[in-house]
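Enquirer: Below are the structure tokens for one structure; questions will follow.
The numbers here are math on the coordinates, done by the rules we state, and not lab data. Computed from a prediction, not measured in an experiment: that's the story for all the values here. Backbone-built Cβ (ideal geometry, glycine too); neighbour counts: all protein chains shown.
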Amino acid sequence: MAKRIDVKDLNVYYSKFLAVEDISINIEPKSVTAFIGPSGCGKSTFLRTLNRMHEVIPGGRVEGEVLLDGDDLYGPGVDPVTVRSQIGMVFQRPNPFPTMSIKDNVLAGVKLNGKKISRSDADSLVEKSLRGANLWNEVKDRLDKPGSGLSGGQQQRLCIARTIAVKPDVILMDEPCSALDPISTLAIEDLINELKSEFTVVIVTHNMQQAARVSDRTAFFNIAGTGKPGKLIEYNETAAIFSNPEQKATEDYVSGRFG
Amino acid sequence: MSVMTANTQAAQPTPPSRKRNSLSKGKLPRWAVPATAAGAIIVGAAFSTLTGFSVATFAIYSAVLFVIAGTVLTSVVEGRRQGRNAMWTYLIYGAFLLALIPLASVLYTVLEKGLPGMNSHFLFSSMNGVTGAVDNQSVADGAPVIGGAYHALLGTLMITLWATLISVPVGMLTAVYLVEYGKNGVLAKAITFFVDVMTGIPSIVAGLFAAAFFGLLLGPNARMGIVAAVALSVLMIPTVVRSTEEMLKIVPNELREASYALGVRRWRTILKVVIPTAISGIASGVTLAIARVIGETAPILVTAGIASSINTNVFANWMSTLPTFIYYQILTPTSPTNIDPSVQRAWAAALLLILMVMALNLGARLIASLFAPKKGR
């Protein structure tokens, strides 16, 4: 299931503006990779290029290659919809569909695509996905209630359940805990640890402790100044990044002496 | 909880004494404003009587006196800032009451004049065979008025229904293009511009357009319900586009992205996520657009003509609607010598029309709350 991602010489643009420059990185399957760095350094932008969500923004385009188990996501004739059904994404702010019940939110990936699914299959998929997101016990008695009635942390886990219900190979998470309190954050972090047994997980975070807690490998992004493109400064085992970084900028950032 | 209450009570000082609260010093007592109002009304009545009493001068004098006296009194006792506050408060309430007068007056007049003619005979019979002689006879006998607006009611419903069937798909799809596909492209900008221009088209011009268009297609005298429906849809489409566009714009982009990230195609995202999220606003916008065109008169006259018998086929023969029915009953009374029956029918039809518009507005609210995204735990 879980697949590896290899990025080669990727440049990311907003119209003419070069936002992220010359990224090459190898993301291992069945592991958690964290992207850290200051605001505006392009880590979220780069994350969005990994499932072709970047081009949803008007003017968004890339140069270079992103290989999913060797297949270029940006190759000619590749349908972004296929890419996104294999590489799921969890966003910064929980965004369950307000018109749908908890159950329908989990089944959204199936139902919105118009696929037929039998009642029993649907029920077992809902239970499996919600259990996978550690949410089943909290919502099993109110599956038909609206998803917007849940707390922020529960909504975020609902969004994760929705993502894993389509059985992707890779899950991208864009600061999934930044809108959550510490207890909900802990729940999500535990979940990330479990998810890596089945999926390749890439997470963007502002919280360095979080990167240290959940990730196997960490990539540090930085920006030379406003208007300059973001760059990948250092990419290594998480322990190495935090205890023994090779670059001065990385050391300054992880030790809080930045700027 | 009980502990808390006990503490709060214990912490409270001695029960409030009868002496005036020092915190309310420099404030007007509560009875001051009603007293000023009463005074202003009495003095206003006196002034008005001096110049020959009329309700209008009485109301104007009293209002002006109240605003001046209230402002001065508050300024003197509570200070300049409070005085200005009082003045603007009174002026704003005054403007509100002023705006309410025509509304209440229209409602009252229509009810007063329309209710006598409103009965099941009026609702369920047409003007077929009702001539001046019939009206003269019923006036002479003192009998109830014969003839009703059933044909016009049906005409209004049919023509409005067809206008809605034409304009809702066109308007909604235009709005979907503008918000989801066009973005800020040249075509989208041009469409927005022309929709704005269409909003300002006088309704008679829309009627003439439809009449001329069908005249070209089917020859002159092509007057029937569907032509009127096309004319009305020319008026409706801009409203539907505008309201749908506003509703689609406020659907958070995060929902679209969430859907894309699940591998859902764009058209499915629009159909199953964006439109359902916005449907309550769209539905109430459409209902209000219907309410706006249901009372149109001029475009109906030039496109569907006028009829006195029932015609439920919008694709053949002339048709009446309630507004054209009212227009003709007033302008060319059925009996030129006894206009009262016609006037009574016209007012009853006006009442019916107002009731329909009210029902549509209430319907819009109902639809909005029915379709609104559900809350609850």
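Enquirer: Once the other residues with Cβ under 14 Å from the Cβ of B:G142 are scored (Lys, Arg +1; Asp, Glu -1), what is the net sum?
Expert: -3
Enquirer: What number in nm² do you get for the range B:311-377 if you take the convex hull of its Cα atoms and divide its surface by four?
Expert: Over every viewing direction, the Cα hull of the range B:311-377 projects on average to 7.0 nm².
Enquirer: Of the candidates B:I279, B:I367, B:I92, which one comes out as most mobile in a Gaussian network treatment of chain B with C-alpha springs shorter than 10 Å?
Expert: Among B:I279, B:I367, B:I92, the largest GNM mean-square fluctuation belongs to B:I92.
Enquirer: Just how far, in whole angstrom, is the range A:3-22 from the range A:100-154 if you go by their alpha carbon centroids?
Expert: 35
Enquirer: Using amide H atoms built 1.01 Å from N in the peptide plane, name the residues 5+ places from A:S31, or on other chains, whose amide H lies under 5 Å from its own.
Expert: A:V201
Enquirer: Then there's this: Give me the net charge for the shell around A:I87: Cβ to Cβ below 10 angstrom, other residues only, Lys and Arg +1, Asp and Glu -1.
Expert: Taking every Cβ under 10 Å from that of A:I87, the sum is +2.
Enquirer: Compute the helix-to-body angle for A:119-132: its Cα long axis versus the longest principal axis of chain A, expressed 0 to 90° and rounded to tens.
Expert: 40
Enquirer: Arranged by the count of other C-beta atoms within 10 angstrom, fewest first, what order do B:F96, B:F213, A:F35 take?
Expert: B:F96, B:F213, A:F35
Enquirer: State, in angstrom, two size descriptors of the range A:111-185 derived from its alpha carbons: Rg to one decimal place and Dmax to the nearest whole number.
Expert: Expressed in Å, the Cα Rg and Dmax of the range A:111-185 come to 13.0, 39.
Enquirer: Looking at the square roots a ≥ b ≥ c of the eigenvalues of the Cα gyration tensor of the protein assembly as shown, which shape do they give, rounded for a/c under 1.5, prolate if a/b is larger than b/c, or oblate?
Expert: Oblate is the answer for the protein assembly as shown, as a/c is 1.5 or above yet b/c matches or exceeds a/b.
Enquirer: Same structure again: If I build a Gaussian network model for chain B, linking alpha-carbon pairs within less than 10 angstrom, which residue out of B:T277, B:T239, B:T332 has the largest mean-square fluctuation?
Expert: Maximum fluctuation in the GNM of chain B, among the listed residues, is at B:T332.
Enquirer: Just to confirm my numbers, what's the Cα centroid distance between the range B:334-377 and the range B:224-249 in Å?
Expert: Each part reduced to its Cα centre gives a spacing of 19 Å.
Enquirer: Can you spot the lysines whose alpha carbon is less than 18 Å from A:K231's alpha carbon? Ignore those fewer than 8 places along the same chain.
Expert: The qualifying lysines are A:K8, A:K16, A:K43, A:K248.
Enquirer: For chain B, how big is the tail of P(r) above 26 Å, as a whole percent of Cα pairs?
Expert: Percentage above 26 Å: 69.
Enquirer: Using only the Cα atoms of the range A:5-254, what are the Rg and Dmax in Å?
Expert: 18.2, 57
Enquirer: Along Cα→Cβ, 7 Å out, is where each label goes; now give me the distance between the ones at B:R84 and B:M358 in nm to one decimal.
Expert: Going by the 7 Å Cα→Cβ label model, 4.3 nm.
Enquirer: Taking chain A as the reference, fit the longest principal axis to its C-alpha atoms, fit the long axis of helix A:182-195 to the helix C-alpha atoms, and give the angle between the two in degrees, 0 to 90, nearest 10.
Expert: Tilt relative to chain A: about 90 degrees.
Enquirer: Summarise the partner chain shielding of B:263-271 as one whole number: the mean count of Cβ atoms from other chains within 10 Å of each residue's Cβ.
Expert: 5
Enquirer: Still on this model: If you place +1 on the Cβ of every Lys and Arg, -1 on the Cβ of every Asp and Glu, and leave all else neutral, what size is the dipole of the range A:1-128 about its Cα centre, to the nearest 20 Debye?
Expert: Taking the Cα centre of the range A:1-128 as origin, the dipole is about 580 debye.
Enquirer: What does the average come to when, for each residue of peptide A:54-65, you count the partner chain Cβ atoms lying within 10 Å of its Cβ?
Expert: If you average over the peptide's residues, the count of other-chain Cβ atoms is 1.
Enquirer: Considering only A:R213, A:R84, A:R142, give the residue with the highest GNM mean-square fluctuation for chain A, with springs between Cα atoms whenever their separation is below 10 Å.
Expert: Of A:R213, A:R84, A:R142, the Gaussian network model singles out A:R142 as fluctuating most.
Enquirer: If a helix is a whole DSSP H run, which ones in chain B reach 15 Å or further along their own axis (Cα) and hold a mean Kyte-Doolittle hydropathy of at least 0.0?
Expert: Answer set is B:32-50, B:55-78, B:80-114, B:150-176, B:186-199, B:203-218, B:225-249, B:275-293, B:340-371.
Enquirer: Any idea what the relative contact order of the range A:5-254 is, in percent, if you count C-alpha pairs under 8 Å spaced at least 6 apart?
Expert: Averaging sequence separation for qualifying contacts and normalising by length gives 28 percent for the range A:5-254.
Enquirer: Here is a further query. Relative to the longest principal axis of chain A, what angle (0 to 90°, nearest 10) does the C-alpha long axis of helix A:152-165 take?
Expert: The helix A:152-165 is inclined about 90 degrees to chain A.
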